[in-house]
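The values are calculated or read from the model by the stated rules, or taken from the named source; none is laboratory data. Not measured: the values here are computed from a predicted model. Positions of Cβ are backbone-derived with ideal geometry, glycine not excepted, and every protein chain shown enters the neighbour counts.
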Amino acid sequence: MNESPVGTPVIRPVQASEWARVKELRLTALRDPVAHLAYLETYEDAAARPDTFWQERTANAAQDAGGTRQFIAETAAGHWVGTVAVLIEEAGTTDWAGMPVARRQGHLVGVYVAPEHRGGGGPTQALFQAALDWAWERGAERARLIVHPENERALGFYRKVGFVRSGVTVPLAARPQEHEWEMVLERPGSDG
């Protein structure tokens, strides 16, 4: 667990036994005013999933799991106020959208920070750093994420931490007339 000053959330991986809290945080994120731009699922779809789905999802992203890790930001009072997950995608495979993966990479997904913890000094930077460190430790050559071009707050943050547009666009299966942007960050010290 990372040390933090009083009042600053601690960033840590989820534990498999915390599936109900993972579910609760996801449902909270899906109620956010920009959820329709930020996530591929709806609140209604997520709320209808059985507990076994959340148990498996959490176990697969828990501290001792394999190629996925979910980090949360937890206050001293035990409140979860943010999350990000990172998936390791292997070169030579295809991603969730059916696009080829050319290089071993970390794919950041499910980013959420409670409104009262956003902005300067908030946990978003620390969540991203934990996710990126984990990906780099596993040999990722770059990190990527997918963002809707109208999600201005997210775009601003991603640019601030060094992500740039790759030029790749991803059509949305549910809304084929819309495309999202891939943004990438090269591993420090790599030539890209």
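Taking the criterion of being in contact with a Lys or Arg (Cβ under 7 Å, 6 or more places away or on another chain), surrounded by fewer than 16 Cβ atoms within 10 Å (Cβ to Cβ) and of a type in the set (D, E, K, R), would at least one residue in segment 80-93 satisfy it? There is at least one residue in segment 80-93 that is in contact with a Lys or Arg (Cβ under 7 Å, 6 or more places away or on another chain), surrounded by fewer than 16 Cβ atoms within 10 Å (Cβ to Cβ) and of a type in the set (D, E, K, R). Pairs linking a residue in segment 36-64 that is in contact (Cβ under 8 Å) with a residue 40 or more places away in the chain and within 13 Å of Glu18 (Cβ to Cβ) to a residue that is of a type in the set (Phe, Trp, Tyr) and assigned to a helix (DSSP H, G or I), with Cβ atoms under 8 Å and 6 or more positions apart or on different chains, are Thr58/Trp19; Ala59/Trp19. Considered as a group, the residues in segment 55-113 that are over 15 Å from the mean Cα position of the chain (by Cα) and hydroxyl-bearing (Ser, Thr, Tyr) include one that is farthest from Ala29 (Cα to Cα), and that residue is Thr93.
Only one entry in Thr83, Thr94 is touching a helix residue (DSSP H, G or I) at 6+ places or on another chain (Cβ under 8 Å) and not aliphatic (A, V, I, L, M), namely Thr83. Counting only residues that are in contact (Cβ under 8 Å) with a residue 60 or more places away in the chain and farther than 16 Å from Gly110 by Cα, segment 147-165 holds 1 of them. Per this entry, Ala85 is not counted among residues that are farther than 26 Å from Asn151 by Cα and touching a residue at least 12 places away in the same chain (Cβ under 8 Å).
Listed here are the residues, each with its yes/no results for (1) surrounded by 15 or more Cβ atoms within 10 Å (Cβ to Cβ); (2) among the hydroxyl-bearing types (Ser, Thr, Tyr); (3) at pLDDT 95 or above; (4) part of a loop (DSSP other than H, G, I, E, B).
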{"site": "Asp133", "(1), (2), (3), (4)": "no, no, yes, no"}
{"site": "Arg144", "(1), (2), (3), (4)": "yes, no, yes, no"}
{"site": "Thr169", "(1), (2), (3), (4)": "no, yes, no, no"}
{"site": "Pro176", "(1), (2), (3), (4)": "no, no, no, yes"}
{"site": "Glu180", "(1), (2), (3), (4)": "yes, no, no, no"}
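For Asp51, the conditions (1) surrounded by 16 or more Cβ atoms within 10 Å (Cβ to Cβ); (2) of a type outside the set (A, V, I, L, M, F, W, C); (3) in contact with a Phe, Trp or Tyr (Cβ under 8 Å, 6 or more places away or on another chain) all hold with the exception of (1).
With a requirement of 2 or more residues that are more than 22 Å from Leu172 (Cα to Cα) and at pLDDT 95 or above, the helices (runs of 4 or more DSSP H) lying completely within segment 12-122 that satisfy it span 19-29, 51-60. Of the residues making up segment 147-161, those that are outside any loop (DSSP other than H, G, I, E, B) and not acidic (Asp, Glu) are Val147, Arg153, Ala154, Leu155, Gly156, Phe157, Tyr158, Arg159, Lys160.
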